[in-house]
Amino acid sequence: TAHREHRELFRRSVDVAVTLGCPLLRVFTFLRKASPATNDDMIRIAEHLTSLLDLLPKGLRLGVENEASCLVGTGAESIALLSQLPDPRFGLIWDPCNVLYIPEYPGPATEGFERLAARIVHIHAKDAARTNTGAEARCMGDGDVGWARHFQALREAGYRGLVSLET
C-alpha cells in the first residue's frame, strides 16, 4: 500500500539523516483538497505522523512544514495540528510566505505566529505578493509577508534557530 511505501521512504530518510548528523527531518501533510482543513484531517495527520515516532532515533526531531499545497498551510492549521502532536520531537518548519499561495485564505501571512513561536524549529524565508490568481514571487521585503516586522517578532519571541533563504 502507499502507506507502507511512504513508511519505508521515511525509514530510509531517517537513515540518511543519522548518517549526515542532521537533527531535523522535514515532513509534509497530505495534499490539500479543500480549505480549511477539518479537525478530522488533523486527527488523521497526527495519527500517521505519530506512527513514525517508533522509527525516530534519539536526538532526531520531525519538523512539519506549513505548505500551501498541503492540508497544513496556514498558521491556524499549524496550531490545530500541533495541538494533536504534543510530543516534543515534533516541531514546525515555519514558512509564512507559503500562506500567500493559498488562494482562498485572505489572512496575513504571519497570522498565528505568536501561538506557534515556541514550537518553531526552523524558518524558511522568501517573499511573494498576492495577485488575482494566487501569488507571485518577489524579492525579500517587496512582498506581503512583512519580513521586517516578522524578524522583529522572531527576536522578541526569543527564536534562536536557523533561517534558510529560499530563492
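The values are calculated or read from the model by the stated rules, or taken from the named source; none is laboratory data. The shown structure was predicted, so the numbers you read here are calculated from the model rather than taken from an experiment. Ideal geometry is used to build each Cβ from the backbone, glycine not excepted, and the neighbour counts take in all protein chains shown. Areas reflect the complete protein model, heavy atoms only, side chains present, ligands, DNA and RNA absent. Shrake-Rupley method; radii C 1.70, N 1.55, O 1.52, S 1.80 Å.
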About the Cα centre of region 1-110, what is the dipole size in debye to 20, counting +1 per Lys and Arg Cβ and -1 per Asp and Glu Cβ, all else neutral?
300 debye
For the chain, built as a Gaussian network whose Cα springs stay under 10 Å, the top-fluctuating residue of THR131, THR74, THR19:
THR19
I need to check one value: relative contact order of the chain, counting alpha carbon pairs closer than 8 Å and at least 6 residues apart, in percent.
17 percent
For region 76-84, what does the Karplus curve 6.51 cos²θ - 1.76 cosθ + 1.60, with θ = phi - 60°, yield as ³J(HN,Hα) per residue in whole Hz, taken in order and with x for Gly and Pro?
4, 5, 5, 4, 4, 5, 4, 5, 8
What are the ³J(HN,Hα) values, in whole Hz, obtained from phi via the Karplus relation 6.51 cos²θ - 1.76 cosθ + 1.60 with θ = phi - 60°, for each residue of region 3-17 in sequence order, with x given for Gly and Pro?
4, 5, 4, 5, 4, 5, 4, 4, 4, 5, 5, 4, 4, 5, 4
Out of GLY91, GLY112, GLY21, a Gaussian network model of the chain with alpha-carbon springs under 10 Å gives the largest mean-square fluctuation to GLY21
Using a probe of 1.4 angstrom, how much of the accessible area of region 42-167 is carbon and sulfur, in percent?
54 percent
Between VAL163 and THR133, what is the spin-label point distance in nm, taking each point 7 Å from the Cα along the Cα→C-beta axis?
3.1 nm
Decide, for region 23-72, between rounded, prolate and oblate: order the square roots of the alpha carbon gyration tensor eigenvalues as a ≥ b ≥ c, take rounded if a/c falls under 1.5, and otherwise choose prolate if a/b is larger than b/c, else oblate.
oblate
To the nearest 10 degrees, the tilt of helix 147-157 (Cα long axis) against the first principal axis of the alpha carbons of the chain is 50 degrees
Report the dimensions of the chain along its three principal axes from the alpha-carbon atoms, largest first, rounded to Å.
42, 34, 27
Mind telling me which of GLU156, GLU67, GLU136 comes out most flexible in a GNM of the chain, alpha-carbon contacts under 10 Å?
GLU156
Percent antiparallel among DSSP beta bridges confined to region 41-167, rounded to 5, stands at 35 percent
So, with +1 on the Cβ of K and R and -1 on the Cβ of D and E, and no other charges, what is the size of the charge dipole of region 76-139 about its Cα centre, to the nearest 20 debye?
140 debye
Can you bin region 71-167 into rounded, prolate or oblate? Criterion: square roots of the alpha carbon gyration tensor eigenvalues sorted a ≥ b ≥ c, rounded for a/c under 1.5, prolate for a/b above b/c, oblate for the rest.
oblate
